[in-house]
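Everything on this sheet refers to the single structure shown next.
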Amino acid sequence: MKRFNFRTASVLSVAAIASLVGFATIADCAIAQKKPPVRRTMESSDLQRTLWRLVSWNGTAIDADLPEITANFSEDTVRGSGGCNNYFSGYEIASGDRMTVSPPGSTRMACEPNVMEWELNYLVSLQGTTRYDIDAEGNLHLWFETDTEAGEMVFAPSEMVQKKSF
């Protein structure tokens, strides 16, 4: 019968623990890299008191040659400039960060074809909004899904909107 060798068992235990610690450290690093940016607590008043200007589409900065796209949220309506026309739509926030936007309506001015295409893409994506967040820097993120694209639009605060009290 073989005898249990405590010295061999101790060396193997130390090696096993070292391997687990190394794995845990590597796993922690991998997890740390995938953490989303620090977010601050969202309040609907943050969303509603700000005129938002579109600054990024799927990680790409908006071309300065394109007309400005804006969003201004009230209690249950979002309105703004689509680049050519003014638009308006209803929206709802449910279960924290979930957002749905109704099909938007807009004025019917004609603009250059590339501006009209840009506006249409924006309005379709806005209607496809599924989630929102306001990051630690105060930027609004809208994630969307359409029949042809899924992605993220980022808006920077353009100015604070003052509520009038009557």
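The values are calculated or read from the model by the stated rules, or taken from the named source; none is laboratory data. Keep in mind that what you see is a predicted model, and the values were worked out from it rather than measured. Glycine gets a Cβ as well: all are built from the backbone with ideal geometry, and neighbour counts include every protein chain shown.
Every condition in (1) in a loop (DSSP other than H, G, I, E, B); (2) out of contact with any helix residue (DSSP H, G or I) (no Cβ under 9 Å at 6 or more places or on another chain); (3) surrounded by 13 or more Cβ atoms within 10 Å (Cβ to Cβ) holds for R108 except the one numbered (3).
Among all residues of segment 48-58, there is at least one that is modelled with pLDDT under 95 and in a strand (DSSP E or B). Report whether or not V101 is in contact (Cβ under 8 Å) with a residue 24 or more places away in the chain, touching a Phe, Trp or Tyr at 6+ places or on another chain (Cβ under 8 Å) and not charged (D, E, K, R). Yes. Among the residues making up segment 59-90, those that are in a loop (DSSP other than H, G, I, E, B), of a type in the set (A, V, I, L, M, F, W, C) and surrounded by 12 or more Cβ atoms within 10 Å (Cβ to Cβ) are I62, L66, I69, C84.
Return the total of residues in segment 132-149 being among the charged types (D, E, K, R), within 13 Å of the chain's Cα centre (by Cα) and surrounded by fewer than 17 Cβ atoms within 10 Å (Cβ to Cβ). Result for segment 132-149: 3.
Screening segment 75-124 for residues that are of a type in the set (S, T, N, Q) and out of contact with any strand residue (DSSP E or B) (no Cβ under 9 Å at 6 or more places or on another chain) and picking the one that is nearest to T148 (Cα to Cα) gives N114.
Among the conditions (1) modelled with pLDDT under 90; (2) over 17 Å from L140 (Cβ atoms), the only one that M109 does not satisfy is (1).
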